[in-house]
Amino acid sequence: MLVVENLVVRYGPITAVRGVSIEVGAGETVALLGPNGAGKTSIVSAVIGLVPSTGRVSFDGRDVSNLSPEERVRAAMTVVPEGRRVFANLTVAENLRLGGFVRRRERDQDGERDRYLAMFPVLRERLDQLAGTLSGGEQQMLAIARAMMSKPRLLILDEPSLGLAPRIVARIFEHIVELKKSGITIVLVEQNMMQALAVADRAYVLSTGTIRHAGPAAELRADPRLADLAIGGH
Amino acid sequence: MDYAIQQIVNALAFGSEYALLALGLALVFSIMGLVNFAHGEIIAVAGYSVFFAVALGLQSVLGAVTIAIVMGIVTALVFERVAFRPVRYAPTTTGLLTAFGVSIVVQNMLTLFVSPKARAVPVLGPLNQTFFIGPYAVSSLQLLELAVTIVAIVALVLFLNRSLLGLAIRAAARDFSTVRLMGVKANRVIATGFALSGFLAGVVSVFILARRGSVEPDFGSAPVIKAFVACVLGGFGSLAGAAVGGMVLGFLDVAILVALPQKFGGLRDALTYFLVGVVLFWRPQGLLGRTVELGDKEV
Amino acid sequence: MAPAQSPAAPMPADRSMPPLLRSILGGLVVAVPVVVIGVLILWLAPPYQVRIAFAGYVNLVIVVGLQIFMGNANIGNFGHSAFVGVGAYFVAILATPLAAKKLSIPNAPFGLSQVVLDPIVAAVVALGIVGVLALLTGFIISRLSGIAASIVTLSLLIISHGVFINYTDLFKGAQAFFGIPVVIGLPTAIAVAVAAIVVARVFRDSQDGVQLRASADDVLAARAFGVDVVKLRFKAWVLSALVCGAAGIMYAYFMGAVIARAFFFQQVFLTLAMLILGGMRTVSGAVVGCAILSIGLEAIRSLESGATIMGVKLPEMLGLSGLSLGAVIVLGMAFRPNGLMGRLELDELAAGWLRRLRRS
Amino acid sequence: MSHRSLLLGTAAALALFAGPALAEGPTIKIGLAASLTGDFAPYSEAEGARCMADQLNKAAGPDDPKIEILIEDSRSDAQLSVSLGQKFLDEKAQVIAGVPFPDALIPMSQMAASYGATVYSAPNTQVEMHEVGLDNFIAGAVPDPMNAAATAVAVAAAGGKATVILTSEDGASWSAKTPEWFGEALEKTGGKVVGKLAYSFGTTDWSPQIAEIKAFADKPDTVYVCGPVPDVGILVRQLRSNGFDGIVAGCDGFDDPSLEETVGNPAYLDKVMFATHGVMGDGGQIDQFIAACKAAGYKVNGIFDALGADMVQVVYDAAKASGSDDPVKLREAIRASDGSKTVMSDNLSFKEKLAYPVKTIPVIGFKDGKRVVIADDVPVFVPYLK
């Protein structure tokens, strides 16, 4: 479904991603793992088009490399950005409505909304609250629900566990599993390797902008080399 | 009694012009945290466009109104693209200074390329007809201003708070890249916000032109200072606050003129500003403002 | 890219020196060009240019005063001209001889039309009034940050102008208040400018200045370290107002006349543009920006009325200097929001160069 | 020899080479810190002065004086005009002028005194200038009380008896006191002042003042204001559209070609009258001069340019009489002259009052939207100046 070939991302003199190739099949959950500075977020930004890159990104067999981010979102890709980035000055309900921006002409948005409010009941209680007043975990739930409002076929989650208490992280991962069961394709970007591998089908492990390891999640979990990377990263 | 009602009518007209001006400032501030002092120059460019159109032979009121509004929108869009986009996410003071810079540039360009002197533009005179309702003199302009202001406030509040595009504008102004992740063409929606303020500026330009009958390089900047005071009074960034602030200022202007003995007539503005100062001392965030709104961009 | 952008750390000239002395010396180094230019003008230029230069030195003191608050607290200030105006007007009211007062403010309240003070006493009293107003306004402004504070400073400017223009009995309204004794010349202005530079530099380098600058970068973090941001802002505000007030007093005592319009938007923009162009983080930025714009704008202004250069008659271009000023602000904001000097003072830069020179 | 004198010497040598070396007559420099931009731009005398100087220089023989006009924009800023005055004095100007208000002219006169130079403000009318005891100041126009008196006579003749006066502090005594003097002069004719209202320059909506005017117990038949255009034009329009059909009277501030357009409706101009400095619109000398200057490419505007031209003529005649470029002798010659034949007057003389001319004051009214002269006399009763 998503094919990334030979992706290179440069910020001036610094090269953050050095020729990465990734493939994600339909319905798969693939984890992108690696320590801080491995280039994970740069890959996400390049895949959705927020930073300029070379190489090729195709989605559903269509080359999207030259599309703007908003056009990629219209093509049913979506990203839950690192650090949530909820619209702090808008209410929860408004954040959700904005999530459905690309489908504004469709009538069944409410069905979508009810579905995710059922999934995250805490959001229903806080519909009229400014998103900036939510706790970190609630903001993460809102960010996921907001992304799902566009009815994507590919959901990219950038560090959903970042800065959250372990108990909350566990809850978030439960929800990811739930989403996975609904059949959506997921790319899960994480530093938190073990937890991500527990959810993912396959994984790529990155370090300093290149892929070091790749394989089925179960295999990688058992791989002792991972522990080194994890320690190096945390 | 007649006299009091007459003065209340006048105050309403003053107030609605201030409110309409203040709304243009508040709109841009609430969507992108920019205190747009160049709003006055949007008004001026709209006014000068009518002046040029008349010089080229335009006679119709409707044509002049259309030109003023279209040029207001175009000018606002040009300002956004050329001057304000580069400083969009810079600290607010940077944006404020840029706005001042734009204002100075445009005023001096009008001086340099048109004339430092006032130029008569009589074409909109027909908008300003006085008629009598019983003993009260009411000008069509006063009524128009009041009506347009009310419509503009209601429409803007509904648009920004209820419509999806309104939400997108507010969100895009704060977080450009995330709003793109919602599939929103962010540059375009921010431009829409500016276009709206340009529309308001065009409308105000029509009113001022109809009343004054001439354009000058500082055509818009003097009224915008009043509008700024109205915004501060009402609470910066709050649309309702801008409207209330404008109205309060209009009433203060007239009330002080009427109530003060003529010996102190010259003190009108001083007293107005003094009262505004007192309000700010008591509520630095203005009558309807929230401190959150003022500090929003810092979040 | 200016060298200010290079990662070289600020380096004091000599670590063994006491910090206060180091700041004073640093300030004096920054003031050297100010003195040199002033002396050259006194020596060579005709009276008109001395007059223009004087206005430049008044602006320099204002810009340095502005830097004290704006540069250290990182809050846009548009109200400083109010203090310049208060300083100027109060020496005008207090020191103008009775004969001139009879023409200008015959109905002044509190019997002020009958009072004439010695110019020095008048200056002290005027500075005291500036101080009191700074205390009152600082009480509000130091509690606000970001755009809220800027908006209140702008309101302060508009309110003060409204009072100058409309309180005719005391300030003579929209017309200039003339007849003020002309008691100082360019040498005094140079001395005041040097003093202002040293004061600003000492404040910048002081414990308070460093803490305030730190808090400007991150208010929450600074509060977490126990920095009383409100108190520091308050101090900077009052000091800044006093320096600006001194500039106003200078202005009145040289020009012999003051007019409210001189302390309104035009002056605010001009001085702000100077500070921004030079870079508001340093005192040197204030000096550099003021020098460039003073000289540049006067050159452009002399072209406005259609000058003849090398035999070519230029057309009349009214508004050209204003246009240039606006363009400097817009372009500066877009391309160099940190100004020409960045974060280093002139002496720190010079020391850095010296060090590199020695190394190579 | 200091550097400075060396520099000046070099400059002087260069100037000698560049200048017309053969000229015998004195060269007189007139420095105008003119209001080319800003509030008082409609009342600038600069272009007319420039036009007149060029005409005179072209016609002059080798022994005649040369007039050199130095113009810089004062932006209607009193302070800048004082600084520019210093610049002109540095350049050895014998005559200088600035923003035509006392706040600029008094400091300029004090400054010019030590150079022996004269401040000659062509459009200045304020009485303050003649009260401070300046010896080197000359106004080209008659003082405001005379203007007010002439208007009062014309208003009374048109049946005006009860007036409201509008005052503003923004133009000093010109806008604050002239209306009072008008009132005083009108009372002398049997009329009275029924009310007084304040306003600020820049007013575009006069409705509160108009509501006040209508509410006075004594119904006024006249409104008097001395302020700038477009303010006063807007006032006329709004008064009329609110049903006021009495006299609207004013001072020379009305005398700008944009007045009619600002008022808009020609019918509104009936019963509008104002006193000014000279008659225009009758095809007379002033019109001819303005037309000639316009044709020659000068951006002349109206009566104030004629005042500027008169100043140049007066200075030229004085220079011719004294045959010297000494500033003090020049001023003495101006004051000693029995009169110059100028654009506006056949015999403009400063002999009687030294600091301002005595001449007839035309009062302009309107007929079918066109300017007509209602009266042109020297007023008998003049308030204040006694």
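Could you give the size of the charge dipole of the range C:19-264 about its Cα centre, using +1 on the Cβ of each K and R and -1 on the Cβ of each D and E, expressed in debye and rounded to the nearest 20?
80
Remark on the range A:88-150: Rg and Dmax equal 10.6, 32 Å (Cα only).
When the residues B:84, B:132 are ordered by accessible surface, computed with a 1.4 Å probe over the protein chains alone, the sequence from largest down reads B:132, B:84. Over chain B, accessible surface divided per residue gives 34 Å², non-protein components excluded, 1.4 Å probe.
Think of a 1.4 Å ball rolled over the protein heavy atoms: chain C then has 38 Å² of accessible area per residue. Inter-chain neighbour count for B:36-49: the average number of beta-carbon atoms from partner chains within 10 Å of each residue's beta-carbon is 0. Per residue of chain C, the DSSP helices (runs of n ≥ 4 H) give a summed -39500 (n - 2.57) that works out to -23500 deg cm²/dmol at 222 nm. Chains B and C together bury roughly 3200 Å² of accessible surface, counting both sides and using a 1.4 Å probe on protein heavy atoms. In the frame of its principal axes, the range D:258-386 has Cα extents of 53, 43, 20 Å, reported largest first. Here the Karplus curve 6.51 cos²θ - 1.76 cosθ + 1.60, taken at θ = phi - 60°, turns the phi angles of the range B:36-52 into couplings of 8, 5, 6, 4, x, 6, 5, 4, 5, 4, 4, x, 5, 4, 5, 4, 5 Hz, with x standing for Gly and Pro. Overall, chain B carries a charge dipole of about 560 debye about its Cα centre when +1 sits on the Cβ of Lys and Arg and -1 on the Cβ of Asp and Glu, all other atoms neutral. Considered as an equivalent ellipsoid built on the Cα gyration tensor, chain D has semi-axes of 40, 20, 19 Å, the largest given first.
Give, as ranges by residue number, the residues of the range D:242-263 whose backbone N falls under 16 Å from the point 7 Å along Cα→Cβ of residue B:2. Correct set: D:242-245. Shape of the range C:19-264 from its Cα gyration tensor (a ≥ b ≥ c, root eigenvalues): rounded if a/c is under 1.5, otherwise prolate when a/b > b/c, or oblate? Oblate shape, in that a/c is at least 1.5 and b/c is the bigger or equal ratio. For residue D:385 and residue D:189, a Förster radius of 25 Å and the Cβ-Cβ distance give a FRET efficiency of 0.90, rounded to the nearest 0.05. Working note: Karplus 6.51/-1.76/1.60 with θ = phi - 60° gives the range A:20-34 the couplings 9, 10, 9, 9, 10, x, 4, x, 7, 10, 10, 9, 10, 10, x Hz, where Gly and Pro are set to x.
For the range B:210-262 and the range A:121-135, write down the distance between their C-alpha centroids in whole Å. So the two Cα centres are separated by 39 Å. For peptide A:84-92, the mean count of partner chain Cβ atoms within 10 Å of a residue's Cβ comes to 5. For chain A, the Kirkwood radius over C-alpha pairs fed into Stokes-Einstein at 4 °C and 1.567 mPa s yields D = 72 µm² per second.
Does the range B:2-219 come out rounded, prolate or oblate, given a ≥ b ≥ c as the square roots of the eigenvalues of its C-alpha gyration tensor, rounded meaning a/c under 1.5 and, failing that, prolate meaning a/b above b/c? It is oblate, given that a/c is not under 1.5 and a/b is not larger than b/c. Ranked by the mean number of other Cβ atoms within 10 Å per residue, highest first, peptides A:211-219, C:184-192 order as C:184-192, A:211-219. Computed from the Kirkwood radius of its Cα pairs, the Stokes-Einstein diffusion coefficient for the range C:209-280 at 4 °C and 1.567 mPa s stands at 89 µm²/s. Under a 5 Å amide H cut-off, with hydrogens placed 1.01 Å from N, residue A:212 pairs with A:205, A:206, A:207 among residues at least 5 apart or on other chains. Computed from the alpha carbon positions, the gyration tensor of the protein assembly as shown leads to an equivalent ellipsoid with semi-axes of 63, 37, 27 Å, biggest first.
Between residue C:223 and residue A:54, the C-beta separation translates, for a Förster distance of 41 Å, into a calculated FRET efficiency of about 0.35.
Determine the residues within the range C:52-97 where the difference in accessible area between the chain on its own and the full set of protein chains amounts to at least 40 Å²; count protein heavy atoms only and use a 1.4 Å probe. Buried by the other chains: C:78.
Amide hydrogen proximity for residue B:287: with H placed 1.01 Å from N in the peptide plane, the residues at 5 or more positions away or on another chain lying under 5 Å are B:234, B:235. Angle of helix D:231-241 to the longest C-alpha principal axis of chain D, folded into 0 to 90 degrees and rounded to 10: 20°. The HN-Hα couplings worked out from phi for the range B:60-69 by the Karplus form 6.51 cos²θ - 1.76 cosθ + 1.60 (θ = phi - 60°) are 7, 5, 4, x, 5, 4, 4, 4, 4, 6 Hz, whole numbers, x standing for Gly and Pro.
Tell me the total accessible area that A and B bury against each other, 1.4 angstrom probe, in square angstrom rounded to 100. Write out the running numbers ahead of the final one.
Working: alone 10850 and 13830 Å², together 22520 Å².
Looking at A and B, the buried total is near 2200 Å².
Under a GNM of chain C (C-alpha, springs under 10 Å), which listed residue has the highest mean-square fluctuation: C:104, C:302, C:321? In the Gaussian network model the winner is C:302.
Given axes a ≥ b ≥ c from the Cα gyration tensor, I'd like to know whether the range D:334-386 is rounded (a/c under 1.5), prolate (a/b larger than b/c) or oblate.
Oblate shape, in that a/c is at least 1.5 and b/c is the bigger or equal ratio.
Between the range D:190-251 and the range B:1-70, the C-alpha centres lie 25 angstrom from each other. Summing charges over all other residues whose Cβ lies under 14 Å from the Cβ of residue D:30, with Lys and Arg as +1 and Asp and Glu as -1, gives -3.
Peptide B:85-96 is shielded by partner chain Cβ atoms: per residue, an average of 5 of them sit within 10 Å of its Cβ.
Structure remark: mean-square fluctuation, Gaussian network model of chain B, C-alpha springs under 10 Å; the largest value among B:207, B:219, B:100 belongs to B:100. Per residue, the range A:88-150 exposes 41 Å² of solvent-accessible protein surface, assessed with a 1.4 angstrom probe and all protein chains in place.
Return the equivalent ellipsoid semi-axes of the range D:140-208 as a descending list in whole Å, where each equals the square root of 5 times an eigenvalue of the C-alpha gyration tensor.
Result for the range D:140-208: semi-axes of 21, 16, 9 Å.
Taking a Cβ cut-off of under 12 Å around residue B:163, the surrounding Lys, Arg, Asp and Glu residues balance to a net charge of +3, with basic ones at +1 and acidic ones at -1. For the protein assembly as shown, the share of accessible area belonging to carbon and sulfur comes to 62 percent (1.4 Å probe, ligands and nucleic acids excluded).
Near the amide H of residue D:281, within less than 5 Å, lie the amide hydrogens of D:287, all on another chain or at least 5 residues away, with H placed in the peptide plane. Considering only B:142, B:285, B:129, the Gaussian network model of chain B with Cα springs below 10 Å gives its largest mean-square fluctuation to B:129. For the pair the range D:99-141 and the range B:168-209, the centres of their Cα atoms are 54 angstrom apart. Count the net charge of all other residues whose Cβ sits under 12 Å from the Cβ of residue D:45, scoring Lys and Arg as +1 and Asp and Glu as -1. Residues near residue D:45 contribute -2 overall. Roughly what angle does helix D:3-18 make with the longest principal axis of chain D, taking Cα atoms, 0 to 90 degrees, to the nearest 10? With both axes taken from Cα atoms, the answer is about 90 degrees. Round to the nearest 10 and give me the degree value, 0 to 90, for the angle of helix C:146-166's Cα axis relative to the longest principal axis of chain C. For C:146-166 against chain C, the angle is about 20 degrees. Only helical runs count toward this figure. For chain D, summing -39,500 (n - 2.57) over DSSP H runs of n ≥ 4 and dividing by all residues gives -12000 deg cm²/dmol at 222 nm.
The values are calculated or read from the model by the stated rules, or taken from the named source; none is laboratory data. All values reported here derive from a predicted model rather than from experimental measurement. When we count neighbours, we look across all protein chains shown, and the Cβ atoms used for this are built from the backbone with ideal geometry, even at glycine. What goes into the accessible areas is simple: the full protein's heavy atoms, side chains included, and nothing from ligands, DNA or RNA. Shrake-Rupley method; radii C 1.70, N 1.55, O 1.52, S 1.80 Å.
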